[in-house]
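Undergrad: Questions regarding the structure given below will be posed in turn.
The values are calculated or read from the model by the stated rules, or taken from the named source; none is laboratory data. Remember, it's a predicted structure, so these values are computed and weren't measured experimentally. Cβ atoms come from the backbone with ideal geometry, glycine included; neighbour counts cover every protein chain shown. These accessible areas exclude ligands, DNA and RNA; they are computed on the full protein's heavy atoms, side chains included. Shrake-Rupley method; radii C 1.70, N 1.55, O 1.52, S 1.80 Å.
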Amino acid sequence: MKVTFYEERNFQGRSYECTGDCGDFSSYVSNCHSCRVHSGCWMMYDHPNYMGNQYFFRRGEYSDCMSMFGMSNCIRSCRMISMYRGSYRMRIYERENFMGQMYEMMNDCDNIMDRYRMSHCQSCHVMDGHWLMYEQAHYKGRMWHFRPGEYRNFSDMDGMRFMSMRRIMDSWY
């Protein structure tokens, strides 16, 4: 997995080639306004140490990250997403601490209100696979990456309320 970050738009200025997680680019490039993802899938963050808003990048060229993603800040840190091959399974819950209505998902869902009559979910348990969850229906708005684990309280995550979710598929690598 490899990504090259550039200080300026259109792949100009100083660059930094990254092959793994990086908590702070500031010692390599002062800003990051464009990047080329040579391979792999990555989560990019607009603050150091994997903080702030998250943005999903897969193989491709991103000549102006800020305008393409509506970013208010440039990329400051990144994490690679390991490739996963297998089944996908996640349980979503209406309330915190795995309370309220529960639905088990194995496929993408573009609107939990339409599919499950669920106004939002406040916790989840990812059993298998990597998932992206979005604050709005139809995969819009801010997103968050979830790997296998228990997530008891989404209000700890900037008060996010998720309305749609999709699997990160191995074909995206």
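Undergrad: Only one of these is farther than 26 Å from PHE11 by Cβ, charged (D, E, K, R) and either in contact (Cβ under 8 Å) with a residue 24 or more places away in the chain or assigned by the TED database to the domain that holds ARG14 (or both): GLU135, GLU61. Name it.
TA: Going through GLU135, GLU61 in turn, the sole match is GLU135.
Undergrad: Looking only at residues that are polar (S, T, N, Q) and within 11 Å of the chain's Cα centre (by Cα) in segment 28-76, which one is least open to solvent (accessible area, probe 1.4 Å)?
TA: Taking the candidates together, the pick is GLN54.
Undergrad: Please verify whether GLY20 is surrounded by fewer than 17 Cβ atoms within 10 Å (Cβ to Cβ) and either within 26 Å of GLY159 (Cβ to Cβ) or free of Cβ contacts under 8 Å to residues at least 24 places away in the same chain (or both), treating the condition exactly as stated.
TA: No: the conditions fail for GLY20.
Undergrad: While we're on this one: Select from segment 106-129 the residues that are surrounded by 20 or more Cβ atoms within 10 Å (Cβ to Cβ) and in contact (Cβ under 8 Å) with a residue 40 or more places away in the chain and write down the one among them that is nearest to SER82 (Cα to Cα).
TA: GLY129
Undergrad: Which residue pairs have Cβ atoms under 9 Å apart, sit 6 or more places apart or on different chains, and have a first residue in segment 151-169 that is under 15 Å from ASN111 (Cα atoms) and in contact (Cβ under 8 Å) with a residue 24 or more places away in the chain and a second that is among the hydrophobic types (A, V, I, L, M, F, W, C) and open to solvent by 40 Å² or more (accessible area, probe 1.4 Å)?
TA: These pairs meet every condition: PHE162/TRP144; MET163/MET113; ARG167/MET106.
Undergrad: Right, something else. Does segment 25-34 contain any residue that is more than 18 Å from LEU132 (Cβ to Cβ), touching a helix residue (DSSP H, G or I) at 6+ places or on another chain (Cβ under 9 Å) and either among the aromatic types (Phe, Trp, Tyr) or at pLDDT 90 or above (or both)?
TA: Scanning segment 25-34 turns up at least one residue that is more than 18 Å from LEU132 (Cβ to Cβ), touching a helix residue (DSSP H, G or I) at 6+ places or on another chain (Cβ under 9 Å) and either among the aromatic types (Phe, Trp, Tyr) or at pLDDT 90 or above (or both).
Undergrad: Considering only segment 148-163, state which residues are at pLDDT 95 or above and in contact with a His (Cβ under 6 Å, 6 or more places away or on another chain).
TA: Result: GLU150, single match.
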